[in-house]
1. Suppose a student asked you for the relative contact order of the chain, using Cα pairs under 8 Å spaced at least 6 residues apart; what percent would you report?
2. Looking only at the chain, where both bridge partners belong to it, what percent of the DSSP beta bridges are antiparallel (to the nearest 5)?
3. Which GluC sites (Glu not before Pro) does region 208-312 hold that lie in a coil by DSSP with at most 15 other beta carbons within 10 Å?
4. Are there any trypsin sites (Lys or Arg not before Pro) in region 294-351 that are in a DSSP loop and have at most 11 other Cβ atoms within 10 Å? List them by number.
5. Given +1 on the Cβ of Lys and Arg, -1 on the Cβ of Asp and Glu, and no further charges, what dipole in debye does region 72-201 carry about its Cα centre, rounded to the nearest 20?
6. Placing unit charges on C-beta atoms (Lys and Arg positive, Asp and Glu negative, everything else neutral), compute the dipole magnitude of region 187-267 about its Cα centre in debye, rounded to 20.
7. 222 nm [θ] for the chain, helices only, -39500 (n - 2.57) per DSSP H run of 4+, per residue, to 500?
8. Would you mind checking the pairs 91/446; 395/446; 174/223; 77/405; 316/395; 58/294 and listing those with alpha carbons more than 31 angstrom apart?
Amino acid sequence: MSIDEKLIDSIVKDVINSLEGKKEETEEVGVFTDVNAAVAAAKKAQQQLFRMTLADRKRITDCIRNEVGGHVEELSKMTVEETKMGRVEDKIEKNKAALYNTPGIEDLPSSVFSGDRGLTLLELSPFGVIGSITPSTNPTETVICNCIGMICAGNSVVFSPHPGAYKVTNYTVKIINQAIAKAGGPENLVVTLSEPSLEKSNELMRHPDIRMLVATGGPAIVKTVLSSGKKAIGAGAGNPPAIVDQTANIEKAVKNIVDGCAFDNNLPCTSEKEAIVVDEVFEYFVFNMKNHPKTYFLEDAGQIEALKNLVVKDGKPNKDFTGRNASYILKQIGIEADDRIKLISCVTDFGHEFVQLELLMPILPIVRAKDRDQALELALEAEHGNRHTAICHSKDIEFLSVAAKEMQTTIFVKNAPSYAGIGIGGEGYSTFTIAGPTGEGLTSTKTYCRHRRCTLVDGFNIR
Ligand code: NAD
């Protein structure tokens, strides 16, 4: 190409860009105010990605892991600052799990039929542009693990962030885009909305170029995506019970339940929300809980009532206290505790709001069950049919198996803190989109794919 041709080429490109209004629409790469513009940009990027190789997808997502890896502390601090929820040190663990333990292109298994009539391939192919609605409780973790899985599957994604966490969500999208550019990937492969609202979220869900919807949040958004008429993945609420039977190692059970329940101030949908303990070991369990250095144990009925009046409003969790530190919550009812205290615990009856509501606060009610059968019955009832997560502490393999089968939860953790079930201190990959209602379970690359068949007749069979 001569110098003149180069000049003309660059002028033409500039004119096209300005005609498309590209500079005005995009405040930062990947951040759009307009839903149509966001989807159009993501559609173009997906078409480019689809023409690239699997090795390119791997290179792009490896670069995301590396580059975002340098921002983990910053993202964790920003999230706590913006949402006023959770703990920086725990968010660091969660972000690392999302970055380094989310599967990549290896999670795209192909299968084959081969015989006299030839060869048929079954392949996992992308949906196209995915609309992903993200929560306030794990905003950056959800974006990171969604991006890695969705890109490895060959998709692009438009995020609709939670209004209470949109700054950090969009900052994460921005640095992911920078990493994609560094790896030579398409611009706007991952985009987000600068001023999120329910209206924009609905516009995104209705957009004809959005081929799949993924909602990570409470019951309202899961119901909304499932009513969209599109392929939808719903990752909804939980209320995980921790059952403790007479054979359990009680000291260890208490330690594991405190660690799981207090993790990120109980924001994870997988965290222990109530302990159901059999009568035979109940007193010893409570004794250990009272003596645990991270727990403030409430014995006074008046204080338990004051706590309930604080954190439950009109029969629902009072969002002012979602994910707040235990010491902050205690202070509001006149109890001074330093920040070494990570959890508030007390004994309640089964019908108590602390047991029945998904509080998402570092508060653990302990309920007495007369025996294991009753403990299992109560755990099933407290889980409210979410089929999300349950935990059991027992040394009896038979009981563990019965409980795992009966609970029907997506995640069942035995003799460990709940977070072992999402690959933090347990085997298996990590995800922050756990699709109980729609059955995909712990989402990963293959979740974001269409199954396609490619048939070649009368050839390539060499048996
Ligand atoms: P939320 O339901 O308030 O918000 C989630 C997202 O949905 C946000 O982006 C919000 O703006 C949007 N949204 C909510 N209702 C909507 C509607 N009617 N129309 C359009 N958009 C709507 O959830 P949150 O408080 O951010 O997160 C906590 C909840 O999410 C808890 O119930 C928790 O258990 C659940 N959660 C589940 C998983 C999982 O993997 N299963 C992961 C994280 C959080």
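Just so you know, all these numbers are worked out from the coordinates, no wet-lab data involved. Computed from a predicted structure; not experimentally measured. Virtual Cβ from ideal backbone geometry, glycine too; neighbours counted across all protein chains shown.
1. 20
2. 30
3. Answer in residue order: 299.
4. Loop-located and lightly packed - 340.
5. Value, rounded to 20: 180 debye.
6. It comes to approximately 340 debye.
7. About -13000 deg cm²/dmol.
8. Those over the limit are 395/446; 77/405; 316/395; 58/294.
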